Amino acid sequence: MKKIVFISNRLGGGGAERVLTMIANRLAQTQEYTVSVFAMNKCEKNYYVHEAIHVTELDGTASKLQTIKLIRKHILIEKPDVIVAFEYHINMKVLIATLGMKLHIIISERNDPARKGGKPGLKQLRNLLYRKADCLVCQTPDAKAYFPQFIQNRTVVIPNPIKEDLPVRWQGKRNYEIVSFCRLEKQKNLPLLIDAFALVHKDYPEYKLSLYGDGSEKNRIETYILKKSLQDCISLHGSIIDIHEKIVDCAMFVSSSDYEGLSNSMIEAMALGLPCIVTDCPCGGARMMIDSYVNGILVPVGDAQALYEAIKYVIQNPEKAEFMSKNGTNMRRNLAVGKIVSEWETII
């Protein structure tokens with residue numbers, strides 16, 4: 001049996017961690033792999049991990065150098081056939097930790113590489129270290145194209161898989177509720193969504209906006225909602241386990257991000273059949289999945305007026321919204337877990 005060690009920042013809280021656990025779980029269910037996960041930090045709300053997977057979690061207190069040493073020690077003990085690292089800062093640590101080792105190393109970018117790790121100096125170091133990897137996995141063609149040709153030559157594009165247990169598409173009357181669920185971080189630009197919704201609320205006061213997620217921007221977003229005097233029509237919730245069941249009958253999903261890798265919340269909302277409005281942001285995940293006005297709507301980054309107009313279009317055109325809703329559910333087939341894991345197996 002081939003022995004695989006996945007190395008991640010944590011096992012909960014974000015899209016990268018969700019994808020990692022989905023892939024690891026599916027591989028662990030076969031008789032072909034022994035799977036373990038080594039995580040840098042503990043998380044209060046871990047994603048489900050298959051019982052056959054051995055998990056090692058650090059407490060997050062180690063320095064960068066100590067973390068690199070701990071990764072190397074763990075690899076020497078485990079003696080894996082394959083290492084799979086997720087996210088650029090983990091990729092970097094793993095590639096340093098494995099210097100001098102003869103291993104099959106797969107690294108994976110899970111965001112826009114121009115924004116995450118693209119600063120002068122760090123960019124050059126990343127390019128130097130990435131030479132050591134046997135394969136780089138990117139989520140979008142645009143992310144792959146960012147790298148020098150010698151890295152692109154060993155790069156494959158594999159999109160994220162869709163959760164298998166999503167509720168069926170809602171076919172009744174939808175609630176007057178607009179929803180977004182994501183990490184509450186600056187890159188999501190939720191103030192832009194709030195600005196757009198303020199315009200919507202003037203025309204359609206019956207509509208509410210519900211935001212789900214946790215993150216460093218929570219207090220800032222709460223303050224912004226109060227500043228706009230929208231606390232009676234915008235609700236801010238934390239992350240919840242049954243988010244998909246909660247939002248399946250909402251009027252639409254909206255994402256206002258400045259940049260993304262391939263948004264899990266977007267593809268899950270599409271798979272649920274929610275009419276989706278998404279900023280056409282780097283590094284191209286939205287335009288990779290959305291054919292505008294066919295299975296969703298793309299709007300320019302940072303344009304509150306365009307976001308407002310798109311929301312208004314969905315409200316005013318229920319038949320077109322239903323058309324986009326039905327087409328969006330094709331994500332379930334296109335991004336099925338089995339299909340995506342098979343693509344990973346070709347490089348493992």
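Throughout, read-outs are computed from the coordinates displayed, never taken from laboratory work. Quantities reported herein were computed from a predicted structural model and do not represent experimental measurements. All Cβ positions, glycine included, derive from the backbone under ideal geometry; neighbour counts span all protein chains shown.
What the table shows:
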quantity	calculated
Per-selection Rg to Rh, the chain - Cα, Kirkwood hydrodynamic radius	0.98
Pairs beyond 22 Å (Cα-Cα), from LYS93/LYS188; LYS2/LYS69; LYS116/LYS186; LYS2/LYS123; LYS173/LYS246; LYS186/LYS246	LYS93/LYS188; LYS2/LYS69; LYS2/LYS123; LYS186/LYS246
Choice from ILE241, ILE290, ILE106 with maximal GNM fluctuation in the chain (Cα, 10 Å cutoff)	ILE241
Alpha-carbon spread of segment 177-333, three principal axes, descending order, Å	40, 31, 30
Acute angle (nearest 10 degrees) that the helix 15-28 long axis makes with the longest principal axis of the chain, alpha-carbon atoms	60 degrees
Protection-proxy order for peptides 22-33, 71-82, 264-275, each taking the mean of Cβ atoms within 10 Å per residue, highest first	264-275, 22-33, 71-82
Under the Karplus curve 6.51 cos²θ - 1.76 cosθ + 1.60, θ = phi - 60°, whole-Hz ³J(HN,Hα) for segment 69-75, x wherever Gly or Pro sits	5, 5, 4, 4, 4, 4, 5
For peptides 302-311, 134-143, 47-56, sequence by mean Cβ density within 10 Å, most packed first	134-143, 302-311, 47-56
Residues with amide H under 5 Å from that of ILE7, placed H, sequence gap 5 or more	PHE38, VAL84, ALA85, PHE86
0 to 90° range, to nearest 10: angle between helix 318-328 axis and the chain longest Cα axis	10 degrees
Under 5 Å, built H, 5+ apart or other chain: amide partners of PHE181	TYR212
Under 5 Å, built H, 5+ apart or other chain: amide partners of SER257	THR279
Rounded to whole Hz, the Karplus (6.51, -1.76, 1.60) HN-Hα couplings of segment 99-105, x for glycine and proline	4, x, 9, 9, 9, 8, 10
Ranked by how many other beta carbons lie within 10 Å on average, peptides 190-202, 57-69 from highest	190-202, 57-69
Cα→Cβ-extended label distance, 7 Å offset, between GLU345 and ALA62, nm	3.2 nm
Stokes-Einstein diffusion coefficient of segment 135-209, Kirkwood radius over Cα pairs, 25 °C, 0.890 mPa s, in µm²/s	148 µm²/s
Integer Hz, Karplus 6.51/-1.76/1.60 couplings in order for segment 185-198, x for Gly and Pro	10, 4, 4, 7, 6, 5, x, 5, 5, 5, 4, 5, 5, 4
Cα pair distances exceeding 21 angstrom across segment 2-158, given as percent	43 percent
Sparsely packed GluC sites (Glu not before Pro) within segment 158-218, loop by DSSP, other Cβ within 10 Å at most 12	GLU164, GLU206
